[in-house]
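Trainee: Have a look at the structure that comes next, please.
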Amino acid sequence: MKGEEKKDAGSTSSIGTIETNPNIVGDSLASSREPLELYEEDENKERGNWSGKLDFLLSCLGYAVGLGNVWRFPYICGKNGGGAFLIPYVIMLAFVGMPVFYLELAIGQFGSEGPVTAWKLCPLFTGIGYGMVIVSLFTAIYYNLIIAWTLYYLFASFQKVLPWSGCHNWWNTELCFDLNEYRACETNTSNLYYHRRCFNASTANHFGLTREEADSETRQSPSGEYFDYRVMKVSRYETGLASMGAIDWEMVLCLLLAWILVCACLIRGIKSSGKVVYFTATFPYLVLVILLIRGATLEGAIEGIKFYLIPDFKKLSNPQVRCFKYSIIYQPYGFTCKATLF
């Protein structure tokens, strides 16, 4: 009995020592806080982690919907059969586009690696990773040039009269065709509109100008001439490398501003880009809605809608249509450069 009491007393004293030892208590509290501290920090300290699920979702949406949807897809769709083009497009999107897109996202998010190091899962394909980076570099270069054009037009639009709205500027040629002037001239059926001038019947007869000659002349839009001769400074008399001309400092500054904007968005990795996409990912949808409303109110819009909805199945037999079908699936979702692995 005495021995048992001693054992009980010993065990009691040892337990009491553990409970009252401040070092052990402090260590246990510190160890209990470790998981919380690790959870609050980024799991990948070098590359960082998304601040929230919405940042990641909007980044994916912003990458999938962009310039190609506004610019390239309507052109390709109209050139290759209108509504008929949508049938193979939807099939390819369901069976190829979305599965590959999900595969890339899964590899990138699971490994938290870039296009090169992500191929550690199969080192034989490491060269593909380097190819992804090179293609992404080329894409960034020419996309930034398009952003520079956009900034150029943005600054030029802060004028009372838009410079590309008419044909009476120093860069316009005689082939510039102003639709408003043409309609004003043609209110009198005997008048002829030729080389930006309105000729009455007697003047047209004096110069030997006929209706057929006036209607068959080569015409260029004011916006087209503004881009060619004002923005791009294309020479009208020389071709090839000899027509490159001097450096256009206006465009150089716009390109510099484009690169500064990109660097500002990416300076903190996904921490900064994840916040920028709240605007850049949602704004294209607003632009698409505006263009839809504007296009639906234009003259002849019903004909375009019919062409878009009534398929021309003969176009599907053209091999070129099938090539465009594959490229239009791969390009908007980034499969050609695998940027979704970043």
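The values are calculated or read from the model by the stated rules, or taken from the named source; none is laboratory data. Predicted model, so just to flag it, every value in this text is computed and none were measured. Cβ sites come from the backbone with ideal geometry, for glycine too, and all protein chains shown count toward neighbours. Only protein heavy atoms, including side chains, enter the accessible area calculation; ligands, DNA and RNA are left aside. Shrake-Rupley method; radii C 1.70, N 1.55, O 1.52, S 1.80 Å.
Trainee: Return only the number of the condition from (1) part of a helix (DSSP H, G or I); (2) open to solvent by 60 Å² or more (accessible area, probe 1.4 Å); (3) more than 30 Å from Phe279 (Cβ to Cβ) that Arg72 does not satisfy.
Mentor: Going through (1) part of a helix (DSSP H, G or I); (2) open to solvent by 60 Å² or more (accessible area, probe 1.4 Å); (3) more than 30 Å from Phe279 (Cβ to Cβ) one by one, Arg72 breaks only (3).
Trainee: Which ones in segment 181-215 are open to solvent by 90 Å² or more (accessible area, probe 1.4 Å) and within 48 Å of the chain's Cα centre (by Cα)?
Mentor: Correct list: Arg183, Thr187, Thr189, Arg197, Glu212.
Trainee: Sticking with this one: Only one of Leu137, Leu93, Leu103 is more than 30 Å from Phe227 (Cβ to Cβ) and open to solvent by 80 Å² or more (accessible area, probe 1.4 Å); which? Walk me through it before giving the result.
Mentor: Details: Leu137 fails: more than 30 Å from Phe227 (Cβ to Cβ); Leu93 fails: open to solvent by 80 Å² or more (accessible area, probe 1.4 Å).
Leu103 is the lone residue from the list that is more than 30 Å from Phe227 (Cβ to Cβ) and open to solvent by 80 Å² or more (accessible area, probe 1.4 Å).
Trainee: Which residue, of Gly16, Gly52, Gly48, Gly78, is at pLDDT below 70, loosely packed, with under 14 Cβ neighbours inside 10 Å and not aliphatic (A, V, I, L, M)?
Mentor: Exactly one residue qualifies, and that residue is Gly16.
Trainee: Name the pairs whose Cβ atoms lie under 7 Å apart, with the first residue in segment 131-143 and over 21 Å from Trp119 (Cα atoms), the second at pLDDT below 85, and 6 or more positions between them or separate chains?
Mentor: Thr139/Cys337
Trainee: Among the helices (runs of 4 or more DSSP H) contained in segment 111-210, which hold 3 or more residues that are among the hydrophobic types (A, V, I, L, M, F, W, C) and touching a Phe, Trp or Tyr at 6+ places or on another chain (Cβ under 9 Å)?
Mentor: Because the criterion is at least 3 residues that are among the hydrophobic types (A, V, I, L, M, F, W, C) and touching a Phe, Trp or Tyr at 6+ places or on another chain (Cβ under 9 Å), the helices (runs of 4 or more DSSP H) in segment 111-210 that meet it are 126-156.
Trainee: Could you tell me whether any residue of segment 148-169 is open to solvent by 40 Å² or more (accessible area, probe 1.4 Å), of a type outside the set (A, V, I, L, M) and over 33 Å from the mean Cα position of the chain (by Cα)?
Mentor: Yes, because at least one residue in segment 148-169 is open to solvent by 40 Å² or more (accessible area, probe 1.4 Å), of a type outside the set (A, V, I, L, M) and over 33 Å from the mean Cα position of the chain (by Cα).
Trainee: Right, something else. Scan segment 103-128 and report the pairs whose first residue is in contact (Cβ under 8 Å) with a residue 40 or more places away in the chain and farther than 22 Å from Ser51 by Cβ and whose second residue is surrounded by 11 or more Cβ atoms within 10 Å (Cβ to Cβ) and aromatic (Phe, Trp, Tyr), with Cβ atoms within less than 6 Å and a gap of 6+ or a chain change.
Mentor: Close Cβ pairs satisfying both conditions: none exist.
Trainee: Sticking with this structure for a sec: Any residue that is open to solvent by less than 50 Å² (accessible area, probe 1.4 Å), under 24 Å from Ala64 (Cα atoms), in a loop (DSSP other than H, G, I, E, B) and touching a residue at least 24 places away in the same chain (Cβ under 8 Å) - is there at least one of those in segment 282-291?
Mentor: Step one: filter segment 282-291 for residues open to solvent by less than 50 Å² (accessible area, probe 1.4 Å), giving 284, 287.
So of that shortlist, the ones also under 24 Å from Ala64 (Cα atoms) come out as 284, 287.
Next, only the ones that are in a loop (DSSP other than H, G, I, E, B) stay: none.
So far as segment 282-291 goes, no, none of its residues is open to solvent by less than 50 Å² (accessible area, probe 1.4 Å), under 24 Å from Ala64 (Cα atoms), in a loop (DSSP other than H, G, I, E, B) and touching a residue at least 24 places away in the same chain (Cβ under 8 Å).
Trainee: Now a separate question. Go through segment 211-231 and report how many residues are over 23 Å from Asn169 (Cβ atoms) and either assigned to a loop (DSSP other than H, G, I, E, B) or touching a Gly at 6+ places or on another chain (Cβ under 8 Å) (or both).
Mentor: 1
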